[in-house]
């Protein structure tokens, strides 16, 4: 696992990567629209021997999690060139000025909103959660070189808003003691169908624009009684996980339908509504595959989920994980028994996230997942082998990962008091594998799926000393260790 960093000095409080841009909010609440392509070009100019790695890592880094990558690096010559380029880039500290990578600067109007507590961009719409309300800003065309604003800043909710999440046509707001609110079918894709069926929307479902002269209607955010307290939410398959605090999680199960015309951010499903709510700790437990004993609830001090994987941190400084699985027959969720993540210890956890950084060496089409852990005073990234690397040794204002993005799944953006740090995480396993296989006279497999014997020879799994008695035993051992990183 390698970490590549680009530093952008400035007084920034948050940043969000989206469609080739990095929208960075400054302390004066203005937005600097930065170009990821220009960031890559700047890095290539600073370290010419690193070409084409800056472009692959920062501008279009979805290639690393693509199965075609396995075929691409079968060539020892290509693998060796990329490995040399990545080594050259890793040895340099890249610092670029805002002026050299900026496309434009946006001052949102009205400028009455307070300090942003959270950001999100979904279907081209920027969402801002603040102390005095929840806002959105539309952009006319993200395909243009410089994105143009479409209308003024819209105030969608008047109350204190701490966090927002969005997927499957639904936008969620966490409002602390005011609870959890959501807008189903945010972009009104079902509106034409309802009108064709003479089933017009209720008046309470839509609200007029807050901007004078703007006749658009927007969905009203509706409170969900199942979640009376909410400081954040996240997605688990098609369901929503509401966090009342760092250890109290409620799974809000939903109903959805899918149609090609519903396509939003590459997804063709829309939520229809909510079915039930259940505490995470009250969900049925699977006993099909025994694991280490469940963690005592009194020892848990922090929980977070990355889609269907739940990571649990204890007061003793240990990490555990549990996988949520859904029945193929009934669709009902079941929580798998927890397993301890070997070699992972941390203290003072205050925030966590996940990031995908490559393909698994032995498991075809399986992505490698790392955990980003924000402790008091430092930021760590811990991969699925238990290897830990320090991203930052200073307190962070915000830490962002982009698990729902196609391009930036291995990107970690950190805002500190000295500026923005762009960290891209890269697994050079296949580059080393191709090079080493050539040295011993073996050919990289055509399907890119290395055998267990080849992996052992390359010594890329030595940290966990997997005992390879036979193919079946190896599969079972590896499944036990990597089950939660599927």
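The values are calculated or read from the model by the stated rules, or taken from the named source; none is laboratory data. Only a predicted model underlies this, so the values are computations on that prediction, with no experimental measurement involved. FYI the Cβ positions are ideal-geometry reconstructions off the backbone, even for glycines, and counts take in every protein chain you see.
Have a look at 391, 341 and point out the one that is surrounded by fewer than 23 Cβ atoms within 10 Å (Cβ to Cβ) and at pLDDT 85 or above.
Sole residue among the options that is surrounded by fewer than 23 Cβ atoms within 10 Å (Cβ to Cβ) and at pLDDT 85 or above: 391.
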Inset, instruction - Please work out which one of (1) surrounded by fewer than 17 Cβ atoms within 10 Å (Cβ to Cβ); (2) in contact with a helix residue (DSSP H, G or I) (Cβ under 9 Å, 6 or more places away or on another chain); (3) farther than 16 Å from residue 400 by Cα is the condition residue 41 fails and give its number. - result: (1)
Inset, instruction - Collect the residues in the range 87-103 that are surrounded by 15 or more Cβ atoms within 10 Å (Cβ to Cβ) and under 30 Å from residue 142 (Cβ atoms), keeping them in residue-number order. - result: 89, 94, 96, 98, 101, 102, 103
Inset, instruction - Starting from residues that are outside any strand (DSSP E or B) and over 19 Å from the mean Cα position of the chain (by Cα), keep the ones in the range 308-328 and report whichever is modelled with the lowest pLDDT. - result: 317
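Do we find that residue 315 is touching a strand residue (DSSP E or B) at 6+ places or on another chain (Cβ under 7 Å), buried (at least 16 other Cβ atoms within 10 Å of the Cβ) and more than 13 Å from residue 237 (Cα to Cα) in this structure?
Values: touching a strand residue (DSSP E or B) at 6+ places or on another chain (Cβ under 7 Å): yes; buried (at least 16 other Cβ atoms within 10 Å of the Cβ): no; more than 13 Å from residue 237 (Cα to Cα): yes.
No: the conditions fail for residue 315.
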Legend entry - Residue selected from the range 204-255 under the condition within 26 Å of the chain's Cα centre (by Cα) and over 21 Å from residue 118 (Cβ atoms), by the criterion surrounded by the most Cβ atoms within 10 Å (Cβ to Cβ): 251
Legend entry - the range 1-50 - residue that is outside any strand (DSSP E or B) and within 19 Å of the chain's Cα centre (by Cα) and, of those, modelled with the lowest pLDDT: 1
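Just wondering, is there one or more residues in the range 155-172 that are surrounded by fewer than 18 Cβ atoms within 10 Å (Cβ to Cβ), in contact with a strand residue (DSSP E or B) (Cβ under 6 Å, 6 or more places away or on another chain) and free of Cβ contacts under 8 Å to residues at least 60 places away in the same chain? Spell out the reasoning first.
Pass one, the range 155-172, residues surrounded by fewer than 18 Cβ atoms within 10 Å (Cβ to Cβ): 158-159.
Pick out the ones that are also in contact with a strand residue (DSSP E or B) (Cβ under 6 Å, 6 or more places away or on another chain) and you get 158.
Applying the additional criterion that residues be free of Cβ contacts under 8 Å to residues at least 60 places away in the same chain yields 158.
Yes, the range 155-172 contains a residue that is surrounded by fewer than 18 Cβ atoms within 10 Å (Cβ to Cβ), in contact with a strand residue (DSSP E or B) (Cβ under 6 Å, 6 or more places away or on another chain) and free of Cβ contacts under 8 Å to residues at least 60 places away in the same chain.
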Legend entry - Criterion (at pLDDT below 95 and either part of a loop (DSSP other than H, G, I, E, B) or under 30 Å from residue 321 (Cβ atoms) (or both)) met by exactly one of 199, 186, 193: 199
Inset, instruction - Looking only at the range 277-294, decide whether some residue is assigned to a strand (DSSP E or B), in contact with a helix residue (DSSP H, G or I) (Cβ under 6 Å, 6 or more places away or on another chain) and modelled with pLDDT of 85 or more. - result: no
Inset, instruction - Being surrounded by fewer than 22 Cβ atoms within 10 Å (Cβ to Cβ), at negative phi and touching a helix residue (DSSP H, G or I) at 6+ places or on another chain (Cβ under 7 Å) is the filter here, so list the residues in the range 5-20 that pass it. - result: none
Inset, instruction - State whether the residues of the range 111-121 include one that is within 17 Å of residue 15 (Cα to Cα), over 24 Å from the mean Cα position of the chain (by Cα) and without any contact (Cβ under 8 Å) to a residue 12 or more places away in the chain. - result: no
Inset, instruction - Can you confirm whether the range 256-273 contains a residue that is buried (at least 19 other Cβ atoms within 10 Å of the Cβ) and either touching a helix residue (DSSP H, G or I) at 6+ places or on another chain (Cβ under 9 Å) or in a loop (DSSP other than H, G, I, E, B) (or both)? - result: yes
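Can you name the residue in the range 60-90 that is under 20 Å from the mean Cα position of the chain (by Cα) and part of a helix (DSSP H, G or I) and is also nearest to residue 367 (Cα to Cα) among such residues? Talk me through it step by step, then tell me what you get.
Restricting attention to the range 60-90, the residues satisfying the condition of being under 20 Å from the mean Cα position of the chain (by Cα) are 60-67.
After this cut, where a residue has to be part of a helix (DSSP H, G or I) as well, the list is 61-65.
On the way: 61: 14, 62: 12, 63: 12, 64: 9, 65: 6 Å.
Per the criteria, the residue is 65.
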Legend entry - Residue in the range 137-150 that is modelled with pLDDT of 90 or more and over 23 Å from residue 29 (Cβ atoms) present: no
Inset, instruction - Would you mention how many residues in the range 91-123 are in contact with a strand residue (DSSP E or B) (Cβ under 8 Å, 6 or more places away or on another chain), modelled with pLDDT of 90 or more and under 16 Å from residue 40 (Cα atoms)? - result: 8
